[in-house]
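What follows is one structure encoded as structure tokens, with my remarks underneath.
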Amino acid sequence: METRWTIRPCGGSPITVCDRLEVYALPENPSCTVREEPDSGDTRSVTVSCSTSKVYPRAECRFYSKTDNGKPVQINNQITYSHPEISGTPVYYRSECSVTVEVKDLGEGTHSFTGYIYPGVTGGYTLVGGSDGDKTVTLSFPQASHSCDPQMVQGYFTEESSTCTCSLNSVGYPRGTAQWYQGDQRVGSGGILVVTHDRASSYQKTYTCEGESSLGRRTGSTLTPNFAFLYKDSVVVESTSDTINICDNNNNYQVQVTCRISKENVNPAPSFSFSRDGTTYDAPQSGTVSGDGGSYQRQTSLSPDAGGGKYQVFCRVTNTVTNTREVADTFITFREPPPGPPQITVKGQPYQGLDTSNTITLVEGDTEDVTCRVEGGYPAAHTTRLQCGQIVQTGDGNTATVSFTRTGQPLTREMNGDECTCTAQHASGCYANKETKLKLNVLYAPDVTFTVNSADRTFSKGDNLEFKCSAQGNPDPTMTLTRKETSEDLKTVQTGELTHTLSLDCLDTGVYVCSGQNSQKTTREEISISVRCPQKLIPTLDPDPQVNAVIGMSAEFGVEIYGYPEPSSLYLQAVNDATDLSSSPRHTVVYTAGLAPFGTVNVTISDLVASDYTNYTLTVDNGEGQPLVYSFYLNEVNATKVPDTGDGGGGSAVIIGVCVAVAVLLILGLVAAVLVLKRKGIFNKQNRPSSSENGFSRQDSDYCKFFSLYFYCFVFLCHKHECSSSLYVLQGHFTTEFRAQNITCTCKACFQMV
């Protein structure tokens, strides 16, 4: 069943017919209150409540807030209601409504609230006016800021870590706290944040110091930790080349040196300074960013101002905030060859280069060191080679030595004219064309080669004997051909080859000497020559054909002969008997060889009897031509005329005594004569007799030249008195010794047959 409602307004207005009729009673005594939750200074929310003492039907509410006199804004939070009934008829309600708003939704400012409580009918909120809250609520954010210990310098932390405190400048309302945030994440504890330099990360973090309350968060200050640092061993010094060869002094050699540090190892951008001694640095300068953007760097150039060497370049990187420093260095080697050629030193005398006058004079067998040394350059020459002839020595450094020793490596004549050549190798590679040469002038004694034109060196009378003599020595030797027995110089040449031809006679048998003489030594080579000739008497020693002897005694005499070869047969015959007496027991015939070609045939007849006193012939045959036949007569003398000496020597003893006495007198007279002549200045070297004055040769001291004349006479005297067997020691020679003015003279007189 439907009910229709008609409204008849007073005054005759049209009647309104309604399908629905709503009956309401406006609120009586409406009021609103504002309550903070909780009410302790830490308000988290605000509750606005409105009530009426009587309303019908149940009331509904709307709430509005207005901040700082701004426009009202409806609060759309959930509203809570309570509607206690009022007893009686009709029914009325005591309605209450409330809404709670969190302060963070309200925000900062002074907030006022208005509530509308109205009957719960359509359009009911238009039927009433609003009721203001009994109070306003003022909300403010806490104000925060931070400080750090240690503090930042020029915007950089200088230590590895720092403690930063976030604190409130004002507590705000509701009361807030100070907090550190990284983004939306709270960090630190109690407003304390320890920031640490993270070397492993280049990410730069940002922190906010915020005041935080029920209103929410309000940033007070921002912290972006920026650390100033310079890591150890992080500087790198590089060069375009670490080794330069200075092969051309006209070039301007320069090396580019770069000092670099990665951005990961330093902050902020550092300053750079260079030094060559590690003590004095140039003015610090800012670097540039490398091409890849990852490093700071500075460049400088280096020249070898002091020539070759190992140059050290220091780079000092300074953190402009912390003033900490890092130093790194690099070495650049400028290899410069030695300025001059090697130096060869012998006996303290230096030689350099290829000068043709570089000659050293040494003596064969010298024990000398030939040292080559390369001075200067950098580094020192690493290999030195010294070659003397075929001897090569290589030194691992700048020195090489060839040592001549007596036993190991002797200095020989074969090395005369050889060169000692010294070369070296240098690391620069531009020293190979420099060398030093030294010529060796080795002095050595002559080597003599002496030959004749016969292999067996035996000739016949009239043959031509050809001598050839050559001598090799340094300096060039003088060659002399000499007859040994007479010391006669046959020929002398200064250079080349000595040749000499001799038409041979019997007396040319003997020893010939070729001598080579230079400043080092006289070297002699001998050749014995034999000339085939029949035996002959020595003319100047022709014996007395009468031999005096005492009966019952012995007769002794000698016959001086010459010839070659030696006698092959000796015959002694009495003229009245063809018997060969040479093999008789009482007859002795003996040939005694002297200095070739001389010799003596000694005849002895023992136990003389009357029949022995007769004529004899002595035949000497060597198979060359006619034999030598010598005749003599054995003459008996009275025994009373010759004192018996008891030695069985017969009458010869008297003659020997006479010869000895005469010899003593001659010697004493000779010494006296020499002393007198010496005092008068007559017996000088230029006044002494020569070989042409006495007819024979001499050797040894010049004094002997003078003495030899007297020896000649003395020998003849002895021979003429038939005592040669006692005093005539060597056939054709007499040797004795004198002492005069502290000089010992040994003189030898040699007969020169004509």
Of everything in segment 552-569, what is assigned to a strand (DSSP E or B) and over 17 Å from ILE538 (Cβ atoms)? Give them in sequence order.
ALA555, GLU556, SER569
Report yes if some residue within segment 408-421 is under 20 Å from the mean Cα position of the chain (by Cα) and crowded, with 20+ Cβ neighbours inside 10 Å; otherwise report no.
no
Test: VAL547 is within 29 Å of VAL609 (Cα to Cα), of a type outside the set (Ser, Thr, Tyr) and touching a strand residue (DSSP E or B) at 6+ places or on another chain (Cβ under 7 Å)
yes
Criterion first (out of contact with any Pro (no Cβ under 6 Å at 6 or more places or on another chain) and part of a strand (DSSP E or B)) does ASN433 satisfy it?
no
Need at least 2 residues that are in contact with a strand residue (DSSP E or B) (Cβ under 6 Å, 6 or more places away or on another chain) and loosely packed, with under 15 Cβ neighbours inside 10 Å per element, so show me which strands (runs of 3 or more DSSP E) inside segment 466-533 make the cut, counting only ones lying wholly within it.
488-493, 497-503
Go through segment 149-177 residue by residue and tally those that are part of a loop (DSSP other than H, G, I, E, B), out of contact with any His (no Cβ under 9 Å at 6 or more places or on another chain), over 30 Å from VAL103 (Cα atoms) and touching a residue at least 12 places away in the same chain (Cβ under 8 Å).
5
Yes/no for LYS104 being charged (D, E, K, R), over 30 Å from ALA228 (Cβ atoms) and outside any strand (DSSP E or B):
yes
Yes or no: ALA306 assigned to a loop (DSSP other than H, G, I, E, B), among the hydrophobic types (A, V, I, L, M, F, W, C) and under 27 Å from the mean Cα position of the chain (by Cα)?
yes
For segment 381-402, give me the residue count where each residue is surrounded by 14 or more Cβ atoms within 10 Å (Cβ to Cβ) and assigned to a strand (DSSP E or B).
13
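Where a number appears in this text, it was derived from the coordinates with a stated rule and is not lab data. Just so it is clear, the model here is predicted, and its values are computed rather than measured. Glycine gets a Cβ as well: all are built from the backbone with ideal geometry, and neighbour counts include every protein chain shown.
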